[in-house]
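Throughout, read-outs are computed from the coordinates displayed, never taken from laboratory work. Everything quoted here is computed from the prediction, not taken from an experiment. Note that each Cβ is placed from the backbone with ideal geometry, even for glycine, and that neighbours are counted across all protein chains shown.
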Amino acid sequence: MPDVPGSTTFVTCIEAGLLEKQVVLLARSLRALDTDIARMGFVAVQPRRDIALARETHCALAELNVRVVSERLVTAFDWNPHLNKAAAMAWAERNVTSPFLTWLDSDLVFLRPPEGLIPDAGTSFVAMSANIDQGTDGTDANAPYWERVSQIVGVPYQAAALIPSTPPAKPIFEYYHGGIYTVRTADRISHAHQAFFLKLLEARIASQSCGTFHHDQVSLSMAVRTAPGARRLYSWEMNYSISPRQLDQIDPAMLARAMVLHYHDAFLPKGYAMMQGVLEALPEGPRQLIAAAAPITTTIPVLPRLIRRIRGRRRRLLMQKHKMLCETV
């Protein structure tokens, strides 16, 4: 669709295998909404060397008006899958003209129209706050890690507001969840995100609490500090997480109110079998879309699957080597 004031373009990453099925389900859930947002631009980026997507995936996404971009954007540290996000969003900042860009993890499903998704023109960034596990108030055990991050990227972490972490809500300096967020395109937050992420990997540091796992969210949160506009928080309804490993933590009343569902491994064969009763709380339309797509499995042909397995083994070895060389702060 033509860009209009206040519009956004949705961006996600796709690779052969499970992500193909996830991205198709994500796009179907968005396009099924009765709202103008459902008709906005959508780009699925394949940013690192990988086997080709299935023809069926290209056809399904074309029908859903999703543009597929296969371009080798990640070369250094290509073993880190989270770099795909920063690279895809930086590509979108260079190539998309809508005033905002909205990142979507592939394992999301829209349940109802997302209220407040697109911010006003004076806002640079909007997302949910992240968990306390990697956040800091400047006095706790995570503070030395954030001090080191500040030195590496050249931005003081305390040059930001204190925000409430996701429950249990505790004050932390701005630290955001990376599952769904919106940036103002002109601010080039994603370019800074990619550059900061690479600097953290090159510096070979790890935190005591989470190792290198949350470098993605940390570098994004530091990049946000470089933007001139306001930052605000999405409500929890914009990213409600479920997992078969945490069934006792799923609140049916909250699930019924959620606008965007972050399902993680809940729709894989083992998890999906455990989630049937939980999913009854979902609206009928999204529930039917999920039932048609789940359990999500992959059907990559033998030779491409072998190539993928060899590349995956190499990437896992490089990741393990990197972790061994990291200094824990």
Quick check on the chain: take the gyration tensor over C-alpha atoms, sort the square-rooted eigenvalues as a ≥ b ≥ c, and tell me if it's rounded (a/c under 1.5), prolate or oblate.
rounded
Taking GluC sites (Glu not before Pro) that fall in a DSSP loop and have at most 14 other Cβ atoms within 10 Å as cut points, what is the longest piece of the chain between them?
116-279
On a C-alpha basis, how far is the centre of region 205-226 from the centre of region 281-314 in Å? Whole number, if you could?
29
Rounded to 0.05, the calculated FRET efficiency for the beta carbons of residue 35 and residue 270 at R₀ = 51 Å is 0.90
Neighbourhood net charge (13 Å Cβ-Cβ; Lys/Arg +1, Asp/Glu -1) for residue 49:
+2
Please list, by residue number, everything in region 76-116 whose backbone N is under 18 Å from a paramagnetic label point 7 Å out along Cα→Cβ of residue 284.
111-113
In what sequence, highest mean first, do 133-142, 307-316 appear when ranked by Cβ atoms within 10 angstrom?
133-142, 307-316
Quick shape check on region 195-329: root eigenvalues a ≥ b ≥ c of the Cα gyration tensor, a/c under 1.5 is rounded, otherwise prolate if a/b tops b/c, else oblate, and it reads oblate
Can you tell me how region 6-113 classifies by the Cα gyration tensor, rounded, prolate or oblate, using a/c under 1.5 as the rounded cut?
oblate
Find how many whole Å separate the alpha carbon centroid of region 38-54 from the alpha carbon centroid of region 135-161.
34
Proxy reagent accessibility, fewest Cβ within 10 Å first, across 79, 146:
79, 146
Radius 15 Å from Cβ of residue 225, net charge of other residues (Lys, Arg +1; Asp, Glu -1)
+2
The FRET efficiency for residue 303 and residue 161, from their Cβ-Cβ distance with R0 = 41 Å and rounded to 0.05, is 0.20
Pseudo-spin-label distance residue 230 to residue 213, built 7 Å along Cα→Cβ, given in nm, is 3.4
Efficiency by 1/(1 + (r/R0)^6): what FRET value for residue 186 and residue 152, r their Cβ-Cβ distance, R0 = 22 Å, to the nearest 0.05?
0.30
Which net charge results when you count Lys and Arg as +1 and Asp and Glu as -1 among the other residues whose beta-carbon is under 13 Å from that of residue 128?
-1
